[in-house]
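Novice: Can you keep this structure in mind? I'll have questions shortly.
The values are calculated or read from the model by the stated rules, or taken from the named source; none is laboratory data. What you see is a predicted model; the values in this text were computed from it and never measured. FYI the Cβ positions are ideal-geometry reconstructions off the backbone, even for glycines, and counts take in every protein chain you see.
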Amino acid sequence: MQFKVSIVGGGNFGTAIAKLLAENVLNLKSYSPEITMWLYEEYINEIPLTQIINTTHINTKYLPDIHLPTNIRATSDLKELNDSDILIFVIPHQFVKNIINQIKGTLKKGVISLSLIKGVIYSNGDIGLISKYISNTLNIPCGVLMGANIAIEVAKGYISEGTLSGVNDKEGIIIRNLFNSNIYRVSIVDDLWGVELCGTLKNVVSLGYGICKGMGCGLNTCCAVLRNGLVEICNFYKLLGKGKDCTLFESCGISDLMVSCLAGRNFKAGEFIGKKISLEEIKEKMGGQQLQGPDTAKEIYEYLKGKGKENEFPLFTTVYRVCFENELPDAIYCCISPKSISDQ
């Protein structure tokens, strides 16, 4: 038997992951040599993006400088996922419920899945994991892989690493073998909540870091915001009673936080916000790329407010208010606390 692998999502990161796996499977007898990549159909000069990818082997909208392996097949038809053995979700978290509900009941038995999605499910005053939502809705196992992975660097073959969690021993071997290569290394930890929350909350912190940079602050100030953000991530773990502090030292933790603050799209969005540019204008400037940070900041704030804890998380709260309540960007300075983490 060969595992048929499908990627759900064809943005810059989904395409980068498709390239990585398409190169890997050619050397793995247990995996089908073709990677299916599903994406929302878009049109470039009236030509479907899927057609462009399949004929030129370039995702001209989201990863235009990268030539893709010819064993990636792009499609906009969700039915083509039905015979997959491994489903890898790399879509903006705003679209999760819509996509998952469309494929519910259509998958074959025995499929396993993996979420690379940064975000949470906020419903009825509570926080849930996207991987759990996928697993419960589709009735299939779903692990999570997070790490310091800038899409263009993964696509260019720069050495990267990721943290895998939420899998049993058999699933862990299957997924690890699929991803592991001389340019990508996977470690497995037993902390699903910690890994997924790291990947989510770092987007809020990187917005704050970017806001500082956009206001012209120096590295001292920006890194003070980063440190306070890390403290708030730890404190959010404690508030939920989930996550292990040691997970912060994996690739999904401090490494991903640093990369996101230095080069991620939420950092870039934060820079624009620091220059008092509206979210609508920012989306235009970023070429249609979906921003995870602002929506995540809103969900986290609503959760904290519901618990009466928003004042205990000044950075998370301020990022939300700057994004959605016209708070001035320089309010971020008030989030720099003189307390050490041992005082929290």
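Novice: Please specify each residue of region 301-325 satisfying the condition of being assigned to a helix (DSSP H, G or I), within 19 Å of ILE121 (Cα to Cα) and basic (Lys, Arg).
Specialist: Hit for region 301-325 is LYS305, nothing else.
Novice: Got a sec? Which of SER160, SER206 is closer than 24 Å to CYS323 by Cβ, touching a helix residue (DSSP H, G or I) at 6+ places or on another chain (Cβ under 8 Å) and at pLDDT 95 or above? Let's see the steps before the verdict.
Specialist: Working: SER160 fails: closer than 24 Å to CYS323 by Cβ.
Result: SER206 is the single residue among SER160, SER206 that is closer than 24 Å to CYS323 by Cβ, touching a helix residue (DSSP H, G or I) at 6+ places or on another chain (Cβ under 8 Å) and at pLDDT 95 or above.
Novice: Identify the residue in region 105-137 that is touching a Pro at 6+ places or on another chain (Cβ under 8 Å) and of a type in the set (S, T, N, Q) and, among all such residues, is nearest to CYS252 (Cα to Cα).
Specialist: Going through the qualifying residues, I end up with SER113.
Novice: I'd like the full set of residues that are in contact with a Gly (Cβ under 9 Å, 6 or more places away or on another chain) and of a type outside the set (Ser, Thr, Tyr), limited to region 147-167. So that I can check it myself, show each step before the final result.
Specialist: Taking region 147-167 as the starting set, the residues that turn out to be in contact with a Gly (Cβ under 9 Å, 6 or more places away or on another chain) are 147-151, 160-167.
Answer for region 147-167, where residues must be in contact with a Gly (Cβ under 9 Å, 6 or more places away or on another chain) and of a type outside the set (Ser, Thr, Tyr): GLY147, ALA148, ASN149, ILE150, ALA151, GLU161, GLY162, LEU164, GLY166, VAL167.
Novice: Out of ILE88, ILE127, ILE117, ILE100, which single residue is farther than 24 Å from MET1 by Cα and part of a strand (DSSP E or B)?
Specialist: Numbers: ILE88 fails: farther than 24 Å from MET1 by Cα; ILE117 fails: part of a strand (DSSP E or B); ILE100 fails: part of a strand (DSSP E or B).
When all the criteria are applied, what remains is ILE127.
Novice: Let me ask something additional. Condition (residue is within 21 Å of TYR237 (Cβ to Cβ), assigned by TED's automatic domain parsing to the domain that holds ILE17, surrounded by 19 or more Cβ atoms within 10 Å (Cβ to Cβ) and modelled with pLDDT under 95) applied to region 135-156: is it met by at least one residue?
Specialist: no
Novice: Sticking with this one: Could you list all residues from region 70-85 that are surrounded by fewer than 18 Cβ atoms within 10 Å (Cβ to Cβ) and assigned to a loop (DSSP other than H, G, I, E, B)?
Specialist: Filtering region 70-85 for residues surrounded by fewer than 18 Cβ atoms within 10 Å (Cβ to Cβ) gives 70-71, 73, 76-80, 82-83.
Across region 70-85, the qualifying residues are THR70, ASN71, SER76, ASP77, ASN82, ASP83.
Novice: While we're here: Examine region 236-254 for a residue that is closer than 22 Å to PHE313 by Cα, crowded, with 24+ Cβ neighbours inside 10 Å, in contact (Cβ under 8 Å) with a residue 40 or more places away in the chain and more than 20 Å from the chain's Cα centre (by Cα), and state whether such a residue exists.
Specialist: Taking every residue of region 236-254 in turn, none turns out to be closer than 22 Å to PHE313 by Cα, crowded, with 24+ Cβ neighbours inside 10 Å, in contact (Cβ under 8 Å) with a residue 40 or more places away in the chain and more than 20 Å from the chain's Cα centre (by Cα).
Novice: Any residue that is in a helix (DSSP H, G or I), without any contact (Cβ under 8 Å) to a residue 60 or more places away in the chain and not assigned by TED's automatic domain parsing to the domain that holds ASP245 - is there at least one of those in region 173-193? Full working, then the answer.
Specialist: Residues of region 173-193 in a helix (DSSP H, G or I): 173-179, 192-193.
If we keep only those that are without any contact (Cβ under 8 Å) to a residue 60 or more places away in the chain too, we end up with 173, 176.
Among the residues that remain, those that are also not assigned by TED's automatic domain parsing to the domain that holds ASP245 are: 173, 176.
Yes, some residue in region 173-193 is in a helix (DSSP H, G or I), without any contact (Cβ under 8 Å) to a residue 60 or more places away in the chain and not assigned by TED's automatic domain parsing to the domain that holds ASP245.
Novice: Something else about it: Being closer than 27 Å to ASN203 by Cβ and either without any contact (Cβ under 8 Å) to a residue 60 or more places away in the chain or in a loop (DSSP other than H, G, I, E, B) (or both) is the filter here, so list the residues in region 105-114 that pass it. Explain how you work it out, then say what you get.
Specialist: Initial filter on region 105-114 (closer than 27 Å to ASN203 by Cβ): 112-114.
Correct list: SER113 only.
Novice: For region 70-80, does any single residue satisfy the condition of being modelled with pLDDT of 95 or more and among the acidic types (Asp, Glu)?
Specialist: The first filter runs over region 70-80 and keeps only residues modelled with pLDDT of 95 or more, leaving 70-80.
Add one more test, that the residue is among the acidic types (Asp, Glu), and what stays is 77, 80.
Looking for residues that are modelled with pLDDT of 95 or more and among the acidic types (Asp, Glu), one finds at least one in region 70-80, hence yes.
Novice: Further question: Does THR55 meet the test of being assigned to a helix (DSSP H, G or I) and more than 25 Å from SER260 (Cα to Cα)? It would help to see each step written out before you state the result.
Specialist: Working: assigned to a helix (DSSP H, G or I): yes; more than 25 Å from SER260 (Cα to Cα): yes.
So THR55 fits the description; yes.
Novice: Could you please find all residues in region 247-281 being at pLDDT 90 or above and either more than 22 Å from ILE159 (Cβ to Cβ) or not assigned by TED's automatic domain parsing to the domain that holds CYS323 (or both)?
Specialist: Selection gives ASN266, LYS268, ALA269, GLY270, GLU271, PHE272, ILE273, GLY274, LYS275, LYS276, ILE277.
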